[in-house]
Amino acid sequence: MTTNFPTSESVHWARSAGDFITERYLFMATLSMTSTHASLAVMRHIVVGSTNPVKVGAAQHVLATVAPLARIESIPVSSTVADQPYGDDETIRGALARAHAARDARDADLGVGIEGGVVDERDGTMRTCAWAAIVDRAGRSGVGGSLALTLPPRVAALVRSGLELGHAMDRIAGEHDTKRGKGAVGILTAGIVDRQRAYEVLVSYALARFLTPDLYDE
């Protein structure tokens, strides 16, 4: 019986063909990503409308991957809404106001705003909400939100009495300034949910408008 082993030439060809296919795939994937993110990739300056380290960290983590040349700055701005926004609509207005104010203040390529709020449900419970907004020079905006978590009755009662959610959580948890750290979501999930990572999802949702502009401009 004669066994035909592959020659060095055939092995070399197989390896070369595989490399060619892999390189072509990577080239096409990179080309697609480059065209999709082209406007983001050339941005030089992004401003976050908050000095809260959790919000700033979330924005930096997401935007650094799609706008690697951009300097990401954070400044304090007004949300123009109540210190404790009620309802999704007011919370969205706060996020958009922060994004616009941050971009306008520094004439940046993008402005980012993140706002947290609470929502009274029809069944008498109260839940959290959080929204992120991103705006550009052309006036386009993207919004993304979620982070809906039912609050314990004692926390809801404190918020209804006039406390901000962060202060209510400070009192319940016996801690200080939790809104600049793990927040309600971190405390109530016993650390399973990281607040910054949760905000990163919201920023990514808000960024969709700029990642796939062709789909939004149809």
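The values are calculated or read from the model by the stated rules, or taken from the named source; none is laboratory data. The model shown is predicted, which means the values in this text are computed figures rather than measured ones. A quick note on method: Cβ atoms are made from the backbone with ideal geometry, for glycine too, and the neighbour counts reach across all protein chains shown.
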- Message: Cβ contacts < 6 Å: first residue more than 30 Å from Ser161 (Cα to Cα) and assigned by TED's automatic domain parsing to the domain that holds His167, restricted to the stretch 65-83; second residue of a type in the set (Val, Ile, Thr) and part of a loop (DSSP other than H, G, I, E, B), any location; separation 6+ or different chain. Result?
- Response: Ser74/Thr51
- Query: Just for the stretch 20-58: of the residues that are at pLDDT 50 or above, part of a helix (DSSP H, G or I) and among the hydrophobic types (A, V, I, L, M, F, W, C), which one is nearest to the chain's Cα centre (by Cα)?
  - Reply: Ala58
- Of all residues in the stretch 97-125 being among the charged types (D, E, K, R) and touching a His at 6+ places or on another chain (Cβ under 7 Å), the one that is nearest to Ala64 (Cα to Cα): Asp109
- Apart from one, (1) surrounded by fewer than 21 Cβ atoms within 10 Å (Cβ to Cβ); (2) without any contact (Cβ under 8 Å) to a residue 40 or more places away in the chain all hold for Glu115; the odd one out is (1)
- Item | the stretch 198-218: number of residues that are exposed (fewer than 13 other Cβ atoms within 10 Å of the Cβ) and charged (D, E, K, R) | 3
- Message: Based on this model, can you work out whether Glu90 counts as assigned to a strand (DSSP E or B) and closer than 24 Å to Lys179 by Cβ?
- Response: no
- Message: Looking for something within 26 Å of the chain's Cα centre (by Cα), under 22 Å from Ala206 (Cβ atoms) and not β-branched (Val, Ile, Thr) - is there at least one such residue anywhere in the stretch 148-162?
- Response: yes
- Identity of the residue in the stretch 130-153, under 19 Å from Val54 (Cβ atoms) and in contact with a Gly (Cβ under 9 Å, 6 or more places away or on another chain), that ends up surrounded by the most Cβ atoms within 10 Å (Cβ to Cβ): Ala132
- Item | Number of positions in the stretch 105-141 that are in contact with a Phe, Trp or Tyr (Cβ under 9 Å, 6 or more places away or on another chain) and part of a loop (DSSP other than H, G, I, E, B) | 1
- Item | The listed residue being more than 18 Å from Pro85 (Cα to Cα), in a helix (DSSP H, G or I) and modelled with pLDDT of 95 or more, out of Ala156, Ala208, Ala198, Ala168 | Ala208
- Message: Let me confirm something: among Ile192, Ile172, which residue is surrounded by fewer than 18 Cβ atoms within 10 Å (Cβ to Cβ) and closer than 20 Å to Gly57 by Cα?
- Response: Ile192
- Note on the structure: Scanning the stretch 59-69 for residues that are crowded, with 17+ Cβ neighbours inside 10 Å and not in a loop (DSSP other than H, G, I, E, B) gives Ala59, Gln60, Val62, Leu63, Val66
- Query: For Gly145, are the conditions met, namely being part of a strand (DSSP E or B) and touching a Cys at 6+ places or on another chain (Cβ under 7 Å)?
  - Reply: yes
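Suppose the filter is touching a Ser or Thr at 6+ places or on another chain (Cβ under 9 Å), among the charged types (D, E, K, R) and either more than 18 Å from Asn52 (Cβ to Cβ) or in contact (Cβ under 8 Å) with a residue 40 or more places away in the chain (or both); does Arg127 pass it?
On the way: touching a Ser or Thr at 6+ places or on another chain (Cβ under 9 Å): yes; among the charged types (D, E, K, R): yes; either more than 18 Å from Asn52 (Cβ to Cβ) or in contact (Cβ under 8 Å) with a residue 40 or more places away in the chain (or both): yes.
Answer is yes for this residue.
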